[in-house]
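Peer 1: Starting off with a structure, shown below.
Nothing in this text is a laboratory measurement; each read-out follows from the coordinates by a stated rule. What you see is a predicted model; the values in this text were computed from it and never measured. Here the Cβ is made from the backbone with ideal geometry for all residues, glycine too, and neighbour counts use every protein chain on show.
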């Protein structure tokens, strides 16, 4: 059978799953950090067409990058990028109508309240050339804010048609729980997605009783991000791109274990990327798994994780137990921006029963 992009392969249709207060979301979504702006443009167009035709209809986008000091979104953390602009242009060139896909636009809390949520969203929408984002995702909570005021601002964006649903990125369960309670108490749209860093090495937060209980009670769904840990769980043995904050200080262990992880994947007839992705799909409260790729070949490989997940199920959780490196090294109750607690250097890893929820 020919794939939807005209190349040989087995056609794959990504399942969709409902989230509380929101739409049905594909179990897989594409991110944009360090992706589209380092690809050949022809390949961007072809890859996005393949993604949508395969049922990947949610795309996480953001205004990333360092801007001139005078620019309101100047951020010294990243080099200047245009990944969201490339994405939007490629979608138009691919002939993919706006109603066929959803966007989740990042709102940066490091710029708030200097820039209100609407100011940031307006700038992001200008870059995308659209009048709305389906989701707004409020970024890492690095300071204490009035959560009620934030919920009111998000509700205003939704009332004005600039957004439809919302979620958060790396908040604590307490922060999200209070925002969720405020929304319900005041008849405002509650959050639908909680994006957390989740992969075979970083399980402590997402698999904690604190988070699992909240997700089960609220109907908010987990969106797994950073699932490949800067490529280490996709078969790389050295960094080729920027990395996120290493809370718990476990990335040296992850890097050292990369080859072993690839060997475990090969033992079940899978690639390391497929194993990492399929592992995330085993979380009982998963709504969506977010990943980045830079070619159709990588996308086809990652789509193969669906068959692996359906075949192996929760056996995968036990299979990657040895790679759970952040066990006892992060606080499940903290936001991701919190600094790790003082612990002795890691010299090994746990081999006990999996902490994954049943």
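Peer 1: Sorted by packing (mean other beta-carbon atoms within 10 Å per residue), highest first, where do 267-277, 310-320 land?
Peer 2: Working: 267-277: 21.4, 310-320: 16.0.
My ranking of the peptides, most packed first, is 267-277, 310-320.
Peer 1: Taking the Cα-to-Cβ direction at residue 333 and at residue 126 and moving 7 Å from each Cα, how far apart do the two end points lie in nm?
Peer 2: According to this spin-label approximation, the distance is 4.3 nm.
Peer 1: Report the normalised scattering of region 111-164 as log10 I(q)/I(0) at q = 0.13, 0.18 Å⁻¹, calculated by the Debye formula with identical scatterers on the alpha carbons.
Peer 2: Values, matching the q order: -0.30, -0.58.
Peer 1: Let me ask something additional. Determine, for 250, 136, the number of other Cβ atoms within 10 Å of each Cβ, and report the residues in order from fewest to most.
Peer 2: So the ranking, lowest neighbour count to highest, is 250, 136.
Peer 1: Between Rg and the Kirkwood Rh of region 16-323, both from Cα atoms, what is the Rg to Rh ratio?
Peer 2: 0.94
Peer 1: Also, quick follow-up: Which peptide among 200-206, 188-194 comes first, and what is the full order, when sorted by highest mean count of other Cβ atoms within 10 Å?
Peer 2: 200-206, 188-194
Peer 1: What's the extension gain from residue 259 to residue 92 if we count 0.36 nm per residue and subtract their Cα-Cα distance?
Peer 2: Full extension of this stretch gives 56.2 nm more.
Peer 1: With a Förster radius of 30 Å, plug the Cβ-Cβ distance of residue 209 and residue 156 into 1/(1 + (r/R0)^6) and report the FRET value to the nearest 0.05.
Peer 2: Computed FRET efficiency for residue 209 and residue 156: 0.30.
Peer 1: Suppose we look only past 24 Å in the calculated P(r) of region 134-248. What percent of the Cα-Cα pairs does that tail hold?
Peer 2: Considering region 134-248, 32 percent of its Cα-Cα pairs are separated by more than 24 Å.
Peer 1: If I model a spin label at residue 310 and residue 100 as a point 7 Å from the Cα along the Cα→Cβ vector, what separation in nanometres do I get?
Peer 2: In this crude spin-label approximation the distance works out to 2.3 nm.
Peer 1: For the ranges 251-264, 282-295, what's the packing order if you count other beta-carbon atoms within 10 Å of each residue, average per peptide, and put the highest first?
Peer 2: Final packing ranking: 282-295, 251-264.
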